[in-house]
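Working notes, structure below.
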Amino acid sequence: MTDVNEHIEKLMLELRRGTITIGVLSQLSEPQYGYSLVKMLGDKGIQVEPGTLYPLLRRLEKQGLLVSEWDTDEARPRKYYLLSETGKEVYKLLCVEWESIVNSLSHLINQKGDDRDGVD
């Protein structure tokens, strides 16, 4: 049974990885720093580890989807991230694609009279 649980955990992780990007982009219409994003996403049911989030933020910035700015006015400097203009457009396109995928999968999952366990 451990083998099955390990496979399930890996599949769930794969599924979540693909959705975290959209979740992160959805929260960056206002400037946020890393820890605030971890907390905000967690409060909304999206658990993301800082070790996953920070490399993602750097990658999205490198791809031109985010801009960042350091705030050094506080005792602890924080790097704030915000959607770039390109990021706003990409986010809109990802949302359209996401809706299409959700609708298609919902249709597949909910087909009447079909066997849901994938076994013929």
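Here are the numbers for this structure:
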{"quantity": "Residue in the stretch 27-39 that is open to solvent by less than 70 Å² (accessible area, probe 1.4 Å), modelled with pLDDT of 95 or more and among the basic types (Lys, Arg) present", "calculated": "no"}
{"quantity": "The stretch 25-56, residues that are farther than 19 Å from residue 95 by Cβ, assigned to a helix (DSSP H, G or I) and either more than 11 Å from the chain's Cα centre (by Cα) or among the hydrophobic types (A, V, I, L, M, F, W, C) (or both)", "calculated": "34, 35, 36, 38, 39, 42, 43, 50, 51, 53, 54, 55"}
{"quantity": "Pair list, Cβ < 8 Å and 6+ apart or interchain, from the stretch 1-18 residues that are at pLDDT below 90 to residues that are surrounded by fewer than 10 Cβ atoms within 10 Å (Cβ to Cβ) and of a type in the set (Phe, Trp, Tyr)", "calculated": "none"}
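Conditions (1) open to solvent by less than 70 Å² (accessible area, probe 1.4 Å); (2) at pLDDT below 95; (3) among the charged types (D, E, K, R); (4) closer than 23 Å to residue 19 by Cα, marked per residue:
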position: 64; (1), (2), (3), (4): yes, no, no, yes
position: 73; (1), (2), (3), (4): no, yes, yes, no
position: 76; (1), (2), (3), (4): no, yes, yes, no
position: 80; (1), (2), (3), (4): yes, no, no, yes
position: 89; (1), (2), (3), (4): no, no, yes, yes
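The values are calculated or read from the model by the stated rules, or taken from the named source; none is laboratory data. These figures come from a predicted structure and were not determined experimentally. Virtual Cβ from ideal backbone geometry, glycine too; neighbours counted across all protein chains shown. Each accessible area value is taken on the protein alone, full model and side chains, heavy atoms only, with ligands, DNA and RNA left out. Shrake-Rupley method; radii C 1.70, N 1.55, O 1.52, S 1.80 Å.
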